[in-house]
Amino acid sequence: SPVKRYEVPIAALAVMASEEREGVTFTIIGDPGLAEHGSYRDKLRRLARDRGVEAAVQFLGGIPHAGIVRSYQEADALVHASETGSVDKVVLEAMACGLPVVSSSEVFRQVLAPWERLLTFEKDNAYELADRLEQLRRMTSDERRELGLALREIVVREHNLDSLAEKIIGSFRSS
């Protein structure tokens, strides 16, 4: 779906130095939700080819629900360029799996504030995203694991069922 703004991470790959891009793969998981979204996927393929990063962009297609956790666990980071204005569950799922998340969404600025210069980038800023990805690549596996555990703890603490119920009840009480 175009709302996912996958052209931003593709552009970030293109501006990364070739040695930083070596071994990097941007994997897009999921099939087009609507028929017209198939043309968006085709546009992304052309963009990757035109920017010289076609080999680094993989279109995986849909995966069974049972395979989602494994996909997060096999990844090094989740790039979130979507600007829906709401909490996107893919970010929370990735964080719950201990996966570092790099996002341009205003919704996640506060959550990621302790790591602002590592995990956030300005909307449509491929250069800033490339910088964030390069920083993550330079981290040791222990540093990435610690970061992932801290992100997981945020989800466990702030986005659990009890917390959701309290928020819902609180919104009814205030209205």
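The values are calculated or read from the model by the stated rules, or taken from the named source; none is laboratory data. Note that this is a predicted model, so its numbers are computed, not measured. Using ideal geometry, Cβ is built from the backbone for each residue, glycine included, and neighbour counts are taken over all protein chains shown. The accessibility values were calculated without ligands, DNA or RNA, using every heavy atom of the protein model including side chains. Shrake-Rupley method; radii C 1.70, N 1.55, O 1.52, S 1.80 Å.
Below are the figures for this structure:
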{"item": "Descending semi-axes in Å of region 109-158, equivalent ellipsoid built from Cα gyration tensor", "result": "20, 16, 6"}
{"item": "Region 75-91 versus region 99-173: alpha-carbon centroid distance in Å", "result": "9"}
{"item": "Computed E for residue 35/residue 66 - FRET, C-beta separation, R0 30 angstrom, nearest 0.05", "result": "0.65"}
{"item": "Cα Rg, Dmax (largest Cα-Cα span) when computed across region 88-175, Å", "result": "14.8, 48"}
{"item": "Label-zone membership for region 92-109, site residue 149, 7 angstrom Cα→C-beta point, backbone N under 15 Å", "result": "97-100"}
{"item": "Rh (Kirkwood; distinct C-alpha pairs) - region 1-78, Å", "result": "13.3"}
{"item": "Under 13 Å, Cβ to Cβ, from residue 143 - net charge with Lys/Arg +1 and Asp/Glu -1", "result": "+1"}
{"item": "The chain, relative contact order [Cα under 8 Å, separation at least 6], %", "result": "23"}
{"item": "If the convex hull is drawn through the Cα atoms of the chain, its volume per residue in Å³", "result": "132"}
{"item": "Amide H partners (placed H, <5 Å) of residue 78, local residues excluded", "result": "101, 102"}
{"item": "Full-extension gain in nm, residue 117 to residue 27, via 0.36 nm per residue minus C-alpha separation", "result": "30.1 nm"}
{"item": "Carbon plus sulfur fraction of accessible area for the chain, probe 1.4 Å, in percent", "result": "50"}
{"item": "Nearest-ten-degree value, helix 37-50 long axis tilted from longest Cα axis of the chain", "result": "50"}
{"item": "Rounded to whole Hz, the Karplus (6.51, -1.76, 1.60) HN-Hα couplings of region 94-106, x for glycine and proline", "result": "4, 4, 4, 8, x, 9, x, 10, 10, 9, 9, 6, 4"}
{"item": "Estimated 222 nm signal from helices in the chain, with DSSP H stretches of n ≥ 4 weighted -39500 (n - 2.57), rounded to 500", "result": "-15500 deg cm²/dmol"}
{"item": "Quotient of C-alpha Rg and 2.2 N^0.38 Å, computed over region 52-101", "result": "1.25"}
{"item": "Gaussian network model of the chain, Cα within-10 Å springs - most flexible of 111, 53, 91", "result": "111"}
